Amino acid sequence: MSTAGSSALTNWMHHLLILPILLPLMVGAAMIPIDERNRMAKGVMGFVSTLALFILSMVLMRIASVDGAPAGSGVYQLGNWPAPFGIVLVLDRLSALMLCLTSGLALAAQAYSIARWHTAGHHFHSLFQLLIAGLNGSFLTGDLFNLFVFFEMMLAASYGLLLHGSGPLRVKAGLQYVAINLAASSLFLIGVSLIYGATGTLNMADLSMKLATLSPDDRQMVEVGAGVLGVAFLVKAGMWPLSFWLPTAYSAATPPVAAVFAILTKVGIYVILRLSLLVFGASAGASAGFGQPILLAGGLLTIAFGAIGVLASQAMGRLAAYSVLVSSGTLLAAIGLGHPGMIAGALFYLVSSTLTIAAFFLLIELVERGRDAGADVLAVTMEAYGDADEDEEEEEVGAAIPGTMAILGLCFCLCALLLAGLPPLSGFVAKFAILGGLFGLSGTEAAPAISTADWTYVTLLIVSGLAAMIAMNRVGIRTFWASIENTVPRVVVIEITPVVVLLATCIFLSVQAGPAMRYMQATADSLFDPAGYTERVLTAPRAGGQ
């Protein structure tokens, strides 16, 4: 290939970086004027767009995985203005991982919605595409102001999606969700303003360079701004006690919306992880490690609160919602402990838990379809006080399990194993990798001294898994084994397939744990060496060599 042809190919591939934002944004806007009576056509458009986005995300992950890439690769300068003056999008291993996870979840949720839920309200597919665009922009942006822009785009779409399907429970949960997120957005703006006033920049790479050189007064202003900004993202991440809104909102959402909402909490986790290691890393001087004690304490309390909620939940929707809190607490506490060896395992856990919870949200509606709410109350009463007729002789020794219930039961068992972190699935691999990094078993670093906080984290990690196992066993027995109803739900292929695919992905992660962990370890290594990120962003050449 000629030099000119190679340069053209490089430029063409360079523009792939903006497509994860541009593609869903354009498709979502194009679907708005289409009549709502053509929902199936809109559903096909949305599905094709999300499928193309998933393929694109895999390509970008492949590009981000190439070691020794030339200077400026993975940096997209909008308007051809260099950082820190212009808007930049930055692709690295972490952002590529989050893009791939987002598009995979969105593909499964959108396929599931086409069976029935996209007809429950207006503009479902347009809002869904705008939500994806906001998520992808949040993961790719290199500065805090545009993080706010994409964050607001994501939230605006999520307001409509949470209310999709109407009903008093969704309206009540939606109003609470809107109020708390508008408050978080206000805190976001205040925090960004304080940081800009002290540093004169909002580019994250530039902030990491300037923070150590600031005067004590300006540095304190940055820390105040970062604290206010952190509250906004901890609200979205679901840290206790800022998580009071989450169980009600997630359990009230329609199944495809709840499934894709499983990654919304990870936006907060992503930003906290990015800022903790890039801006407040080892090179931040007196601000190094800022906020870690709060993350640790809040993460541990969130795990405990989530585990109690899991045990107390009688409805499967709330059980799944509290499992989201356990996942968030596990990740926040891992970041707060600050052991480099834990981050690779935490990233593996992020992927595994998000896929599992999304599959569980989709599965719940299929399992509960056609059930009588009064039967649930009766089942709980019988569990507590026993059945007065339990000594009567049964006419049947056993009954055949219908094929639909067998498939749903198998998927439920896989969800239980994954949520509890039992071997041999990816939930166990993730927790083992986290504990291995904590105790220095990975061999990448010397074994650290184990503190009381470390042992507390280990204890809560094990207890939360036990709580999930107890709760899932209780619900599973009541639903599949000792159910007092004999109704077999009507499930179509397009609904069960996304659940199977998400769980199969977790099984694939279990089988391919070695390559997956190598990618996560390389991602963690790059996060703990932010100089490479900073150099790529600040020295990226302008297009045309200007």
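The values are calculated or read from the model by the stated rules, or taken from the named source; none is laboratory data. As the structure is a computational prediction, the values presented were derived from the model and not from experiment. Cβ placement follows ideal geometry from the backbone for every residue including glycine, while neighbour counts extend to all protein chains displayed. With ligands, DNA and RNA removed, areas are computed over all heavy atoms of the protein, side chains included. Shrake-Rupley method; radii C 1.70, N 1.55, O 1.52, S 1.80 Å.
Observations, loosely collected:
- Candidate set: region 24-43, residues that are of a type in the set (A, V, I, L, M) and without any contact (Cβ under 8 Å) to a residue 40 or more places away in the chain; chosen: the one nearest to residue 113 (Cα to Cα): 41
- Residue within region 213-220 that is in contact (Cβ under 8 Å) with a residue 12 or more places away in the chain, open to solvent by less than 30 Å² (accessible area, probe 1.4 Å) and either assigned to a helix (DSSP H, G or I) or of a type in the set (A, V, I, L, M, F, W, C) (or both) present: no
- Answer from 113, 65 - the residue that is among the polar types (S, T, N, Q) and buried (at least 24 other Cβ atoms within 10 Å of the Cβ): 113
- Matching residues in region 474-486 - criterion: being surrounded by fewer than 12 Cβ atoms within 10 Å (Cβ to Cβ) and either basic (Lys, Arg) or at pLDDT below 70 (or both): 486
- Selection within region 313-354 - open to solvent by less than 10 Å² (accessible area, probe 1.4 Å), more than 19 Å from residue 436 (Cβ to Cβ) and not hydroxyl-bearing (Ser, Thr, Tyr): 316, 319, 320, 321, 324, 325, 329, 332
- Residue in region 252-263 that is over 17 Å from the mean Cα position of the chain (by Cα) and modelled with pLDDT under 90 present: yes
- Residue list for region 532-542, restricted to those being assigned to a helix (DSSP H, G or I), open to solvent by less than 60 Å² (accessible area, probe 1.4 Å) and in contact (Cβ under 8 Å) with a residue 60 or more places away in the chain: 533, 534, 536, 537, 538
- Contact annotation: residue pairs with Cβ atoms under 7 Å, 6 or more positions apart or on different chains, pairing a residue in region 155-176 that is under 16 Å from residue 113 (Cβ atoms) with a partner that is of a type in the set (Val, Ile, Thr) and modelled with pLDDT of 90 or more, are 161/257; 162/257; 164/257.
- Counted residues, region 502-524 - those being open to solvent by 50 Å² or more (accessible area, probe 1.4 Å), in contact (Cβ under 8 Å) with a residue 60 or more places away in the chain and under 17 Å from residue 97 (Cα atoms): 1
- Taken as a whole, the structure places residue 71 among residues that are at pLDDT below 80, open to solvent by 60 Å² or more (accessible area, probe 1.4 Å) and either closer than 29 Å to residue 524 by Cβ or not in a helix (DSSP H, G or I) (or both).
- Residues being under 15 Å from residue 122 (Cβ atoms) and open to solvent by 30 Å² or more (accessible area, probe 1.4 Å) - total across region 150-164: 2
- When the test is whether a residue is under 27 Å from residue 53 (Cβ atoms) and in contact (Cβ under 8 Å) with a residue 12 or more places away in the chain, residue 226 does not pass it.
- Taking region 96-147 as the range and being more than 29 Å from residue 348 (Cα to Cα) and charged (D, E, K, R) as the test, only 116 passes.
- Screening residue 422 on (1) at pLDDT below 50; (2) under 30 Å from residue 312 (Cβ atoms); (3) not in a helix (DSSP H, G or I) shows it passes everything except condition (1).
- Candidates 138, 103 - the one that is out of contact with any Cys (no Cβ under 9 Å at 6 or more places or on another chain), within 30 Å of residue 200 (Cα to Cα), of a type in the set (Gly, Ala, Ser) and crowded, with 22+ Cβ neighbours inside 10 Å: 138
- Flag if residue 228 is more than 26 Å from residue 83 (Cα to Cα), at pLDDT 85 or above and open to solvent by less than 60 Å² (accessible area, probe 1.4 Å): no
- Unmet criterion (only one of (1) of a type in the set (Ser, Thr, Tyr); (2) in contact (Cβ under 8 Å) with a residue 40 or more places away in the chain; (3) open to solvent by 30 Å² or more (accessible area, probe 1.4 Å)) for residue 265: (3)
- The lone exception for residue 404 - which of (1) in contact with a Pro (Cβ under 8 Å, 6 or more places away or on another chain); (2) at pLDDT 85 or above it fails: (2)
- The residue of region 172-208 that is farthest from residue 244 (Cα to Cα), among those that are over 29 Å from the mean Cα position of the chain (by Cα) and open to solvent by 40 Å² or more (accessible area, probe 1.4 Å), is 200.
- Some residue of region 43-50 being open to solvent by 20 Å² or more (accessible area, probe 1.4 Å), over 24 Å from residue 150 (Cβ atoms) and modelled with pLDDT under 80: no
- Here residue 235 fulfils each of the conditions (1) touching a residue at least 24 places away in the same chain (Cβ under 8 Å); (2) more than 17 Å from residue 291 (Cα to Cα); (3) outside any loop (DSSP other than H, G, I, E, B) apart from (2).
- Residues (of a type in the set (D, E, K, R) and within 26 Å of residue 224 (Cα to Cα)) located in region 151-187: 152
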